[in-house]
1. Taking every pair of alpha-carbon atoms in region 271-320, what share in percent sits in each 10 Å bin, from 0 to the bin with the longest distance?
2. Percent of alpha carbon pairs in region 83-159 separated by more than 16 Å?
3. Can you tell me how region 359-425 classifies by the Cα gyration tensor, rounded, prolate or oblate, using a/c under 1.5 as the rounded cut?
4. Which pairs break 19 Å Cα to Cα here: Lys335/Lys407; Lys194/Lys335; Lys137/Lys194?
5. I need to check one value: relative contact order of region 265-441, counting alpha carbon pairs closer than 8 Å and at least 6 residues apart, in percent.
6. Calculate the length of the line joining the C-alpha centroid of region 258-315 to that of region 108-168, in whole Å.
7. If I take every Cα pair under 8 Å that is 6 or more residues apart in the chain, average their sequence separation and divide by the length, what percent do I get for the relative contact order?
8. What is the calculated FRET efficiency for Ala287 to Glu91, with r their C-beta to C-beta distance and R₀ = 56 Å, to the nearest 0.05?
Amino acid sequence: MQYEMDQDMNDNTNGNSNSHSNDHLSHHGDPTAGPTIEQDEQPTQAAADLAAELQTLDPETAADSLEQSSDAVAAEAVAILEEGEVQPILEAMDADRRAALERSVSPELARQWKINTEFDEDTVGRSMEPPIGFFAKTQTVGETVELLRELVKTEPVTYCYVVDNARHLTGVLMMRDLLFSDDKATLESIMIPKVFALRAEMSIAQAIQSVASRQFFAYPVCDSSNHFVGLIRGQRLLEQQAFDLSAQVGAMVGVEKEERLATPWWRSLMFRHPWLQLNLLTAFLAAAVVGMFEHTLTKIVLLAAFLPVLAGQSGNTGCQALAVTLRGMTLNELKRGQTRYAVIKEMVVGFCNGALVGISAAVGMYIFATIQHNDRPGELALVTWLAMVVSCVVSGMCGVLVPTTLKRLGADPATASSIFLTTATDVVSMGVFLALATWLLL
């Protein structure tokens, strides 16, 4: 990946004077400049209101709202938003309108948007901000301090970074060193050469794991060639992680992660309806299994009353295992070779839960059978207990195997797992229950 570099940067390596270096500091491509140093105007109230509204909308609706606003207000509004919030909206916009919006914002911001689109969704590069507070290693402390005094008027500078002529990240500066060092000392002589940086192609989950023991306000982002390409705020990482975890819950029941409370009803319908139709098709499989045991249900009608009990308990067991598995996959805790351990663990937990819950269900079956004067209440209770144990064991196993298998096949485990899991738990629980009843009682 190639990033634009200012040709004037080569002057530093050719022995030019410090005064010449100062002449080209305002160029955008120079590493000492960052964004253009100007005193930005405060956003208008209309832009602030629009930005607040955009944060509550899904990308498509937000894009529609931007297209109805003037270029000036729209540009101010998107400048307020974080990069991770802007990218989905830009992708949902009409190409002409997006181009007009890019012309209305600062060149630095437009350039950063273009860079961010080259990275996959849910990666650090997708959410990074334009790099600020970075300086050439040949600059002096005095020059840097003067630039910082101007830069902090328009940008929230937390850390200062040092780059070489090719914009490779080479060091980080401590404010204490800038304050107490000689004005004529070069940044290279006072910088800390070992810099922790995130890779732009890293997933958000991987980045969060990397920064777990490094609690900084912001982190530099580099590409595969160690070019300093952006910054990402620590708060942004945490917000993105919280959003991803909440989106998993919605995905498990057919709710797209883009859907918000303010999403129009017709768009919500488009998001949710296909999932319900597919879920209905899989439900027919469970109905077909029940139909195979019509004779058994005709003989022992009480079995029909306990079918929802078996299906509900096994479904809950599977969902618990699925939730833990998806969380482990999101946090990158489920390493290669650990699937077998996870399956065995969930089967053991399922057996224990099934045995304990099965006792309660068996007691309930015994009481109902006695009330209805069934002549074999004990055997019905045994069938209920056995079916509960088997169903919970299989459900726990499916809660691990379904998402891991889907991930290997390239599908989104959060979106597709619940459909297959629900089908499996319903078919197994009802099938085992009715099969045992047929075998032991009839």
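Each value in this text was obtained by applying a stated rule to the coordinates, not by laboratory testing. Since the structure is predicted, the reported quantities are computational estimates derived from the model, not experimental observations. Neighbour counts are summed over all protein chains in view; Cβ atoms, including those assigned to glycine, are modelled from backbone coordinates with ideal geometry.
1. All Cα pairs, binned at 10 Å, distribute as 21, 40, 31, 8, 0 percent.
2. I get 60 percent for the Cα pairs in region 83-159 exceeding 16 Å.
3. Note, shape of region 359-425 comes out prolate.
4. The pairs that break the limit, which is 19 Å between Cα atoms, are Lys194/Lys335.
5. Relative contact order, region 265-441: 35 percent.
6. If you average the Cα positions of each part, the centres end up 53 Å apart.
7. 13
8. 0.85
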